[in-house]
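Visitor: Below are the structure tokens for one structure; questions will follow.
The values are calculated or read from the model by the stated rules, or taken from the named source; none is laboratory data. Just so you know, these numbers come straight off a predicted model, no measurement behind them. So basically every Cβ, Gly included, is an ideal-geometry build from the backbone, and we count neighbours across all protein chains shown.
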Amino acid sequence: MTLVRLDNVYKSFQRAGGPVVNAVNGVSFEISPGETVALIGESGSGKSTIARLALRLYELDAGTVYFDGRDLTTLSRDELRHLRADMTIVFQEPYESLNPRQRIGRTVEEPLVIHEQKLTAAERHGRVVDALNHVALGENFYERYPHEISGGQQQRVGIARALVTRPKFIVLDEPTSSLDLSVRAQILQLLADLQDEFNLAYLFISHDIHTVEYVSDRICVMYLGQIVEVGPTAEVFANPQHPYTQALLSSSLSADPRVKKERFLLGGEIPSATNLPPGCFLHGRCPSGDDACAAAHVPLHAYTATHAVACIKVPWHADAEPAS
Amino acid sequence: MASRGLVGALRRIDPIAAAGVLLVISFIVIAYAVPYSPIDDANAHRESLVGPGKYWFGTDNLGRDVFRRVLAGARLDLPLALSGMAVSLILGVPLGLLASQKSRWAERFMRGLDMFQAFPLLVLAIVLVALAGNHLYMVVVAIALINTPRFIRLVRSEALSLRESRFVEAAVAIGATRARVMFRHLLPNTTGTILVQASLTAAQSIVVIAALAYLGIGIRPPQASWGAMIKDGSQGITTGQWWIAIFPGIAVFICVLLFNQIADRLEKVLSRGARG
């Protein structure tokens with residue numbers, strides 16, 4: 001059973017008079033209840049756009065997003081609004097994502113005011129305090145303002161706000177990238193504990209390989225708005241197949257400085273999303289790229305039963321037919 | 001909640017803002033408490049001395065006591081300026097928030113506002129008076145006509161940039177209605193700009209009242225108005241009778257200063273929650 005499914009989603013942006021930026025180019029993946037799926041890729045690969053498309057905070061150009069069996073793209077504004085009790089997001093910037101004029105208690109309470117209007121003020125207060133306790137903040141934060149607390153505490157407030165309506169699905173858009181390392185570990189542990197307690201599904205967006213390896217069940221590697229490789233995290237890390245994934249993994253540093261790693265390097269720069277190359281988006285930079293790569297775009301195909309790759313050089317899984 | 005929070009906060013946190021509000025109110029009360037009749041007063045005195053004595057601020061070219069007229073000016077000038085400002089605020093702020101939405105309606109509304117503002121608004125005020133008759137409340141209408149578009153533009157541009165911010169996106173993501181986004185998230189973060197604009201509006205309205213009085217709209221002679229007194233008195237400055245224009249000028253100056261101080265203090269009180 002899947003909770004969230006994106007099906008061949010496209011999104012481009014255009015500034016007035018500017019070129020069209022193709023941020024997301026045909027992305028499909030799904031997330032089961034209680035599962036953490038990570039999206040990894042460099043900046044500009046369309047990760048954060050997907051984060052918003054998965055919740056239909058942006059309108060899709062093409063494709064479909066399903067949540068809990070419902071097609072989000074066909075819902076009215078109000079139907080979608082009511083669903084936001086079950087699916088929500090935690091942002092990268094803890095301070096910017098909190099209203100500076102709103103006290104912490106009010107901020108965490110707001111989703112309840114919107115979605116659970118039958119609650120009395122006392123019941124709401126109880127739920128807020130409960131949510132604050134869950135993120136290890138406690139009731140004494142209730143009357144504080146966002147600028148009066150630390151970055152890690154601000155992010156806990158963001159998580160408490162997401163948690164208070166007891167959702168099924170939370171998008172985590174680089175939730176730890178602006179935090180100190182020690183705080184980062186606390187937040188990741190907190191997210192893992194909450195997932196166990198409430199059977200939450202996470203879409204975890206990150207550019208940090210180590211974080212992703214630590215938190216995710218499955219991983220989607222993104223390049224230029226496409227998923228180039230998807231599979232169980234352990235499997236992809238142990239046996240990366242796509243040249244881009246290989247380059248990405250070899251770029252990370254080991255904790256042990258004595259370990260000499262063989263670096264797998266790509267040539268050139270990431271192509272502009274305003275002017276996508278034909279064929280495989282990586283072919284100009286890939287050491288094994290040839291004319292066949294430039295000729296045709298290769299969709300994701302199964303490499304093993306659980307592991308899929310979008311590279312023409314990677315053999316098809318025995319049971320899978322090559323897409324025409 | 002807003003008014004209780006405001007008044008309560010004022011008393012607790014900011015005695016200076018409270019004192020400013022009290023001063024403005026006492027200005028108006030004193031103006032009404034001191035009896036004044038322009039007709040009786042006219043031609044009664046011919047002394048034009050300035051200084052302690054019978055006429056503290058001297059007398060004007062019709063022999064009227066400038067001190068009394070300055071006090072009496074507060075009777076109409078201040079309430080009209082403040083209510084003109086209040087009407088502009090009450091109309092302009094919600095319209096500005098609404099117009100900050102991405103919709104074709106908002107776009108059309110702003111183009112309509114461009115056309116409206118291109119029209120000379122003082123002329124429009126005269127046309128309105130010609131159609132509706134010359135009532136004192138036409139002054140308030142005129143002030144609102146001139147200032148509401150300014151509030152709309154100001155609030156809209158502030159709200160547009162706030163709509164790009166992460167916390168507004170977060171509000172949408174938790175399912176906030178458009179009204180909630182506007183009044184719970186955008187509005188509280190624009191109060192500083194609104195207050196500054198409000199104080200400027202109140203100050204500038206005194207000048208507008210004077211201009212209208214000159215056109216015979218609203219306050220008509222011999223009723224006292226600071227703007228009209230400055231205008232009349234300005235002719236005397238070249239011939240040495242400086243006091244006729246200077247004292248109402250000082251009254252306007254003090255009021256503008258008071259309005260600015262109150263707005264400044266209010267902003268500080270309201271932004272206790274925000275950084276900077």
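Visitor: Just for region A:111-139: of the residues that are under 12 Å from residue B:174 (Cα atoms), surrounded by 19 or more Cβ atoms within 10 Å (Cβ to Cβ) and of a type in the set (A, V, I, L, M), which one is nearest to the other protein chains (Cβ to nearest Cβ)?
Guide: Selected residue: A:114.
Visitor: Out of A:60, A:55, which single residue is more than 10 Å from chain B (Cβ to nearest Cβ) and touching a Phe, Trp or Tyr at 6+ places or on another chain (Cβ under 9 Å)?
Guide: Details: A:55 fails: more than 10 Å from chain B (Cβ to nearest Cβ).
Just a single option satisfies the conditions, and that option is A:60.
Visitor: Checking residue A:46 against (1) under 19 Å from residue A:220 (Cα atoms); (2) facing chain B (nearest Cβ under 10 Å), which single condition isn't satisfied?
Guide: So residue A:46 meets the others, but not (2).
Visitor: Sticking with this structure for a sec: What number of residues within region A:297-317 are closer than 16 Å to residue A:236 by Cα, β-branched (Val, Ile, Thr) and crowded, with 19+ Cβ neighbours inside 10 Å?
Guide: Adding up the residues that qualify gives 1.
Visitor: When you scan region B:226-249, do you find a residue that is closer than 21 Å to residue B:123 by Cα, away from chain A (no Cβ under 14 Å), part of a helix (DSSP H, G or I) and of a type in the set (D, E, K, R), even just one?
Guide: There is at least one residue in region B:226-249 that is closer than 21 Å to residue B:123 by Cα, away from chain A (no Cβ under 14 Å), part of a helix (DSSP H, G or I) and of a type in the set (D, E, K, R).
Visitor: Also, I was wondering about something else. Under 8 Å by Cβ, and 6 or more places apart or on different chains, what pairs join a residue from region B:125-137 that is farther than 19 Å from residue B:81 by Cβ with one that is part of a loop (DSSP other than H, G, I, E, B)?
Guide: B:126/B:215; B:126/B:217
Visitor: Please indicate, with yes or no, whether at least one residue in region A:294-302 is in a strand (DSSP E or B), free of Cβ contacts under 8 Å to residues at least 40 places away in the same chain, touching a His at 6+ places or on another chain (Cβ under 9 Å) and of a type outside the set (A, V, I, L, M, F, W, C).
Guide: Yes: one or more hits.
Visitor: Looking at this structure, is residue B:104 farther than 28 Å from residue A:100 by Cβ and either away from chain A (no Cβ under 11 Å) or exposed (fewer than 13 other Cβ atoms within 10 Å of the Cβ) (or both)?
Guide: Details: farther than 28 Å from residue A:100 by Cβ: yes; either away from chain A (no Cβ under 11 Å) or exposed (fewer than 13 other Cβ atoms within 10 Å of the Cβ) (or both): yes.
Taking the combined requirement at face value, the residue satisfies it.
Visitor: Assess whether residue A:72 counts as being more than 24 Å from residue B:183 (Cα to Cα), touching a Lys or Arg at 6+ places or on another chain (Cβ under 6 Å) and within 14 Å of chain B (Cβ to nearest Cβ).
Guide: Yes.
Visitor: Could you check, for region B:178-194, whether at least one of its residues is farther than 19 Å from residue B:71 by Cα and modelled with pLDDT under 80?
Guide: no
Visitor: How many residues does region B:153-188 hold that are assigned to a helix (DSSP H, G or I) and closer than 19 Å to residue A:77 by Cβ?
Guide: 16
Visitor: Output the number of residues of region A:280-296 satisfying the condition of being surrounded by fewer than 18 Cβ atoms within 10 Å (Cβ to Cβ) and either more than 25 Å from residue A:238 (Cα to Cα) or modelled with pLDDT of 80 or more (or both).
Guide: 7
Visitor: List every residue pair whose Cβ atoms lie under 9 Å apart, where the two residues are 6 or more positions apart in sequence or sit on different chains, the first residue falls within region B:167-188 and is acidic (Asp, Glu), and the second residue, located anywhere, is crowded, with 22+ Cβ neighbours inside 10 Å.
Guide: B:169/A:89; B:169/A:91; B:169/A:97
Visitor: Within region A:84-110, restricting attention to residues that are crowded, with 20+ Cβ neighbours inside 10 Å, of a type in the set (A, V, I, L, M, F, W, C) and at the interface with another protein chain (Cβ under 8 Å from one of its Cβ atoms), which residue is farthest from residue B:179 (Cα to Cα)?
Guide: Once the filter is applied, the top-ranked residue is A:91.
Visitor: Ok, one more. Among the residues of region B:173-218, write down those that are more than 25 Å from residue B:263 (Cβ to Cβ), buried (at least 19 other Cβ atoms within 10 Å of the Cβ) and either among the hydrophobic types (A, V, I, L, M, F, W, C) or touching an Asp or Glu at 6+ places or on another chain (Cβ under 7 Å) (or both).
Guide: B:173, B:174, B:176, B:181, B:213, B:217
Visitor: Does residue B:69 satisfy the condition of being part of a helix (DSSP H, G or I), surrounded by 12 or more Cβ atoms within 10 Å (Cβ to Cβ), among the basic types (Lys, Arg) and modelled with pLDDT of 80 or more?
Guide: yes
Visitor: Among the candidates B:262, B:206, B:219, single out the residue that is at negative phi, touching a residue at least 24 places away in the same chain (Cβ under 8 Å), of a type outside the set (D, E, K, R) and in a loop (DSSP other than H, G, I, E, B).
Guide: Answer to the check: B:219.
Visitor: Exposed (fewer than 15 other Cβ atoms within 10 Å of the Cβ) and either in contact (Cβ under 8 Å) with a residue 12 or more places away in the chain or among the hydrophobic types (A, V, I, L, M, F, W, C) (or both): does that describe residue A:200?
Guide: No.
Visitor: What's the number of the condition residue A:26 fails, among (1) surrounded by 23 or more Cβ atoms within 10 Å (Cβ to Cβ); (2) more than 15 Å from the chain's Cα centre (by Cα)?
Guide: Answer for residue A:26: the failing condition is (1).
Visitor: Please determine, by comparing only the residues of region A:141-161 that are assigned to a loop (DSSP other than H, G, I, E, B) and more than 11 Å from chain B (Cβ to nearest Cβ), which one is surrounded by the most Cβ atoms within 10 Å (Cβ to Cβ). Steps first, please.
Guide: Looking only at region A:141-161, we keep the residues that are assigned to a loop (DSSP other than H, G, I, E, B), and these are A:142-145, A:149-150.
Filter again for more than 11 Å from chain B (Cβ to nearest Cβ), leaving A:142, A:149-150.
Values: A:142: 17, A:149: 19, A:150: 13.
Among those that are assigned to a loop (DSSP other than H, G, I, E, B) and more than 11 Å from chain B (Cβ to nearest Cβ), it is A:149.
Visitor: Something else now. Can you find even one residue in region A:181-189 that is of a type in the set (Gly, Ala, Ser), without any contact (Cβ under 8 Å) to a residue 12 or more places away in the chain and within 14 Å of chain B (Cβ to nearest Cβ)?
Guide: For region A:181-189, residues of a type in the set (Gly, Ala, Ser), without any contact (Cβ under 8 Å) to a residue 12 or more places away in the chain and within 14 Å of chain B (Cβ to nearest Cβ): absent.
Visitor: Taking the condition more than 14 Å from chain A (Cβ to nearest Cβ), within 30 Å of residue B:118 (Cβ to Cβ), in a helix (DSSP H, G or I) and modelled with pLDDT under 85, does residue B:212 pass?
Guide: yes
Visitor: Residue pairs, Cβ under 6 Å, 6 or more apart or interchain, first in region B:14-28 and touching a residue at least 40 places away in the same chain (Cβ under 8 Å), second among the charged types (D, E, K, R) and part of a helix (DSSP H, G or I). List them.
Guide: Taking only residues 6 or more apart or on different chains, the pairs are B:14/B:265; B:16/B:265; B:17/B:265.
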